[in-house]
Amino acid sequence: MQEDCERRKGIGTVVRRCRLQSREGKNLKEAPRQMATMSFDALVSDLNLPDGDGLDLVAEAKRLHGLKTIAVTGRTEVVERKRGLRAGCDFYLTKPVDFHQLRCALGIRAHHSAASPPLPP
């Protein structure tokens, strides 16, 4: 459980370093409430949530909000990947997360981080 919390915070840190706003949810119950009250461009979700299957959240995010959905999961089997893509995952990233792949999935070029300022227009 502690490892999941640290991983969630790590992903949140990567997103913030890319100068994006993020909200961290702890479980399946909390996430739909956040999606209903705020506007989001993408959902990054683990599939093994403490209170349910993250694929249910992915499907809801697609159906109700049309969000880009990115799975971050320990489910590495081909059958699980296919299941995730059928549920609506636009990207299916397996743990340990390659943060370069996460940035690419979010549509962020590598130079858009707090460590290096964006190029001038």
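Condition (residue is outside any helix (DSSP H, G or I) and at pLDDT below 90) applied to segment 6-15: is it met by at least one residue?
For segment 6-15, residues outside any helix (DSSP H, G or I) and at pLDDT below 90: absent.
Inspect all residues belonging to segment 86-96 and state whether any of them is touching a strand residue (DSSP E or B) at 6+ places or on another chain (Cβ under 7 Å), in contact (Cβ under 8 Å) with a residue 60 or more places away in the chain and either buried (at least 18 other Cβ atoms within 10 Å of the Cβ) or among the acidic types (Asp, Glu) (or both).
So the first thing to find is which residues in segment 86-96 are touching a strand residue (DSSP E or B) at 6+ places or on another chain (Cβ under 7 Å), and the list is 88-95.
Next, from what is left, pick out any that are in contact (Cβ under 8 Å) with a residue 60 or more places away in the chain: 95.
When the remaining residues are screened for being either buried (at least 18 other Cβ atoms within 10 Å of the Cβ) or among the acidic types (Asp, Glu) (or both), the result is none.
No.
Table: residues versus (1) among the charged types (D, E, K, R); (2) surrounded by fewer than 17 Cβ atoms within 10 Å (Cβ to Cβ).
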{"site": "GLU30", "(1), (2)": "yes, yes"}
{"site": "LEU55", "(1), (2)": "no, no"}
{"site": "GLY66", "(1), (2)": "no, yes"}
{"site": "THR76", "(1), (2)": "no, yes"}
{"site": "LYS82", "(1), (2)": "yes, yes"}
{"site": "LEU102", "(1), (2)": "no, no"}
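The values are calculated or read from the model by the stated rules, or taken from the named source; none is laboratory data. Source: prediction; values computed, not measured. Every residue, glycine as well, gets a Cβ built from its backbone with ideal geometry; the counts of neighbours run over all protein chains shown.
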